Amino acid sequence: MERLLTMRLITIKNIIIPTLLLGIFFIPFNSWSGIGFLGEYYRDSCFLFFSFAFVLVLFKRRINIPIKNLIFQFLILFILWSILATLFNAHNIADYYFKQTSGLSRFINQFGSLIIASIIIPLTFYNGFKWININKTFRLIRRVVLASLIIVLMYSIIEILIVKFDMVNLKKPILNLFDYFPFTEAKTDMRLRRISSVTFEPPALGTYLLSIAGWMFSYIFTEKKNFKYLPIVIVLFLGFMSGSRAAFFAIIIQFIIASIIFLKNKKLTRNIYRIIIGFSTASILTITYFSEPIYNYIKKEINSFKLDDSTHSLSNKSRFGIQQAMFYVFLENPISGTGYGLQAFESRKKYPTWAKKNNWEFRLKYLNQNDKRFPPGYNMYLRILSETGLVGFLFFGLMLLQIFLWCFNNLKSENSIIAFIILISMIGFSLNWLKMDSFRIYFFWLCLALIWVVEQRKISQNG
């Protein structure tokens, strides 16, 4: 009987890991119509694989939890405070009603989503990957991410030819072949001429690229052939072509920090200096020859963040207006906020006039009672401040700080590659959360799970 039980556990483990790897592969593939009843996870094809992997973990009858890990403890404190902050606002929640949704219903949906993203998914990663060698885990994941990126690149090149160079004759015979690829619906944006590849919109492509940047940059450390530079080039190229301004800025910052770390590695110094000198020379020649168009492009990108920019004025008004409203909500509720997931009930009363004026997004989406979708917060930090107050923000901030400290403490250890990947990834996540307010960043939770795996291995070795 015991032997049969052991064999069953081994079989389950052998299924969990490929399932998780498939889920990681399909993270960017969300351009399909999705499954409606999954709520905000309806487009995320990877969620189907992670959910199945979680069910398999449950069959093990024992879920390992990194209860002694400080990062996990701060995460739990944040979640518990989110409940308490909501209870403190119970008298207001009973009166909340917006977009055909009550305050209680909104809290249940949002808190459920938080538990899925912050507990179920990372614990599934942790329980799946803790059974195999950490270096093997890292290489398996990176190989899968690279394979996924190659598909993203193939689609993007065809899309660029269509939307940037008007080669529309490529759409039917070639691009539409991607309709046969799982969780993908081939489409192009001929109006704004931006690319989104296999994701559902350009910012989603940008978020994916900054999420995998650390994984792709790590090839510099582990490979000897010139191939190791290609993944970096692909990430930078697609980040620029995506048209997602904030995401590309984050990727550039990631690249700069990664380059500084590369220069501290004596084995890489000579090649890195050659690349920097070559890149600098090429850049100077390019800037000199194309000075006027480059100046105009930079000026255009800077102006795109202004409220009077012809192309981005509406989205800028909406973004900055909603962020201002959330900040005012926080000022009125500085300690406990409005309760988790509930800031929109208060923010809608504080949207500034300058943001709503001649802005169809507020009229048809954000303030339209017939549209059940709640307005996005456009900033994770302001969302946490407005919904959980200073206390919730403190726990969340301490969790992020502890992750960064772990990375710095392990950059010169035997786990230096993983620490490098997580550090570069965390820089991207932290910057990206200045423009979005979603916890559905799967690579973030993967990073946390890998930290837990590494720390568990240390405990096992020392024990």
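The values are calculated or read from the model by the stated rules, or taken from the named source; none is laboratory data. As the structure is a computational prediction, the values presented were derived from the model and not from experiment. Here the Cβ positions follow ideal geometry from the backbone for every residue, glycine too, while neighbour counts run over all protein chains shown. Side chains are part of the model used for accessible areas, which takes the heavy atoms of the whole protein and leaves out ligands, DNA and RNA. Shrake-Rupley method; radii C 1.70, N 1.55, O 1.52, S 1.80 Å.
Show that you can apply the helix-only estimate: for the chain, add -39,500 (n - 2.57) for every DSSP H stretch of four or more residues, divide by all residues, and state [θ] at 222 nm to the nearest 500. Intermediate values should be presented prior to the final figure.
Numbers: 19 runs with 300 residues, N = 463.
It lands at -21500 deg cm²/dmol.
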### Query
Could the peptides 382-388, 241-247 be put in order, highest first, of the mean number of other beta-carbon atoms found within 10 Å of their residues?
382-388, 241-247
### Message
Tell me the Rg and the Dmax, in Å, that the Cα atoms of segment 156-221 produce.
### Response
13.5, 42
### Query
What nm distance separates the two modelled labels at residue 174 and residue 87, each placed 7 Å from Cα along Cα→Cβ?
6.0
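Once you have a ≥ b ≥ c as the square roots of the Cα gyration tensor eigenvalues for segment 69-199, tell me rounded if a/c is under 1.5, and otherwise prolate or oblate according to whether a/b is larger than b/c. Let's see the in-between values first.
Values: a/c = 3.68, a/b = 1.48, b/c = 2.48.
Cα axes put segment 69-199 in the oblate bin.
Given a 1.4 angstrom probe, I'd like the percentage of the accessible area of the chain that is carbon and sulfur, rounded to a whole number.
Values: 14710 of 22740 Å².
C and S fraction of accessible area: 65 percent.
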### Task
Note down the relative contact order for the chain as a percent, whole number, built from C-alpha pairs under 8 angstrom at least six residues apart.
21
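What accessible area per residue, rounded to a whole number of Å², is obtained for segment 8-89 using a probe radius of 1.4 Å? It would help to have the intermediate numbers written out before the result.
Details: 3960 Å² over 82 residues.
That works out to 48 Å² per residue.
How would you classify segment 77-121 from its alpha-carbon gyration tensor, with a ≥ b ≥ c the square roots of the eigenvalues: rounded for a/c under 1.5, else prolate if a/b is greater than b/c, otherwise oblate? Don't skip to the answer; put the middle values down first.
Numbers: a/c = 4.49, a/b = 1.46, b/c = 3.08.
It is oblate, given that a/c is not under 1.5 and a/b is not larger than b/c.
Over segment 311-463, give the accessible area per residue in Å² for a 1.4 Å probe, as an integer.
Heavy-atom SASA per residue in segment 311-463 reads 40 Å².
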### Task
Could you provide, to the nearest whole Å², the per residue accessible area of segment 119-172 with probe 1.4 Å?
42
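Does segment 3-124 classify as rounded, prolate or oblate by the C-alpha gyration tensor (a ≥ b ≥ c root eigenvalues; a/c under 1.5 gives rounded; else a/b over b/c gives prolate, otherwise oblate)?
Working: a/c = 2.66, a/b = 1.52, b/c = 1.75.
The shape class here is oblate.
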## Note on the structure
Rg (one decimal) and Dmax (whole number) from the Cα set of segment 314-463, in Å, equal 19.0, 65
## Note on the structure
Against the 2.2 N^0.38 Å rule of thumb, the C-alpha Rg of the chain sits at a ratio of 1.02
